[in-house]
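Before any comments, here is the structure.
The values are calculated or read from the model by the stated rules, or taken from the named source; none is laboratory data. Owing to the predicted nature of the structure, the values given are computational and were not obtained by experimental measurement. Quick reminder, even Gly has a Cβ in these numbers, built from the backbone with ideal geometry, and neighbours come from all protein chains shown.
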Amino acid sequence: MGKKIESEKIKALAIDLDGTTLLPDSTLGERTKACIHKLISGGMQIIISTGRAIEASEKYRSAMGAQGPMVFFNGAEVADVPSGKILHTDLIGLDVVDFGTEIARELGVHYQVYLSAGISPDTGREDPQRKWETLLIDRYGPEAEMYYKHTGITPVVKDLKSLAAMPDLKGCIKGMYIADPSLHDEIRGRISERFGGRICVMRSFPTFLEVINNGVSKGEGLKIAMRHRGLKPEEVIAFGDEENDVPMFTAAGFSAAPENARDKIREAADFIYGSNANEGLAEYLEKTFF
């Protein structure tokens, strides 16, 4: 706390989606949409920075009218949208996917992985017919149904342990568990024991536990997006509500969290604003820039 923003010097806003920009029902509020439209028309750049895939973010980006380099999969992928050109990827190894599948089966929890855009889930080779990334799940259950409703992405059911046998597949963008938070520490501990500092496990939603390479973060992804956009840290404010957003707070010159964020997230932010349930982001931006 204690920082002061000179609004005329801010050129970009790095915004998380779920829990920050979106309403609790995962829709974009009309006040927020109108506010972002007005900012963009005045020259402000909007950098979506999310754990979501490009496909699962596209309807929000389109509704906002934002474009340019943005951060997906918690920084494991940076892409220019709407063109879809991939600017950066950092893939987890298939040994991580294989071990992650074992944990999920032993604990009886949902586990899924994403393949890079243009990769066939059948061969692991490039397939130009696949515009978006492919979501693979080990089995279909209520968690998969919830995730489909949350993202709109149709999953492909596949034995995830078979991926390790694909010689042409270089890795996956990320793994993700959908599990009761009471199991998160056990999952983290087992992955840490096996892979040490090579792999990072972080929460991105109350029941979502993301598995990515260590060093991959929204902060590093934001730095890449900022370089492509020619932005300096002091020209950017980062907004987020979960632990996967905190690395953005140090990459940007300023940071802000909604009051619905957990204590440690709010403590890491420079500014606190109203809950996402009340479109607090729009209220904060209106007061700051209009």
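Only a single item in (1) in the same structural domain as residue 147 (by TED's automatic domain parsing); (2) touching a residue at least 60 places away in the same chain (Cβ under 8 Å); (3) in contact with a strand residue (DSSP E or B) (Cβ under 9 Å, 6 or more places away or on another chain); (4) farther than 22 Å from residue 261 by Cβ is not met by residue 226, and it is number (1). Looking across the stretch 215-247, the residues that are modelled with pLDDT of 95 or more, outside any helix (DSSP H, G or I) and surrounded by 21 or more Cβ atoms within 10 Å (Cβ to Cβ) come down to 231, 236, 237, 238, 239, 240, 241.
Taken across the stretch 12-35, residues that are over 23 Å from residue 285 (Cβ atoms) and within 17 Å of the chain's Cα centre (by Cα) do not occur at all. For the stretch 12-22, the condition of being hydroxyl-bearing (Ser, Thr, Tyr) and either closer than 30 Å to residue 162 by Cβ or in the same structural domain as residue 173 (by TED's automatic domain parsing) (or both) holds for none of the residues. Answer with yes or no whether residue 175 is part of a strand (DSSP E or B) and either more than 15 Å from residue 243 (Cα to Cα) or at pLDDT below 95 (or both). Yes, satisfied. Which numbered condition in (1) surrounded by 14 or more Cβ atoms within 10 Å (Cβ to Cβ); (2) among the acidic types (Asp, Glu); (3) at pLDDT 95 or above is the only one that residue 127 fails? For residue 127, the exception is condition (3). Residues in the stretch 270-290 that are closer than 14 Å to residue 27 by Cα and surrounded by fewer than 19 Cβ atoms within 10 Å (Cβ to Cβ): 277, 278.
Scanning the stretch 36-57 for residues that are more than 23 Å from residue 219 (Cβ to Cβ) and modelled with pLDDT of 95 or more turns up 37, 38, 40, 41, 42, 43. Of everything in the stretch 1-25 that is of a type in the set (A, V, I, L, M, F, W, C), modelled with pLDDT of 95 or more and in a loop (DSSP other than H, G, I, E, B), the residue that is farthest from residue 249 (Cα to Cα) is 23. Quick check on residue 212: is it assigned to a strand (DSSP E or B) and under 17 Å from residue 13 (Cβ atoms)? It is false that residue 212 is assigned to a strand (DSSP E or B) and under 17 Å from residue 13 (Cβ atoms).
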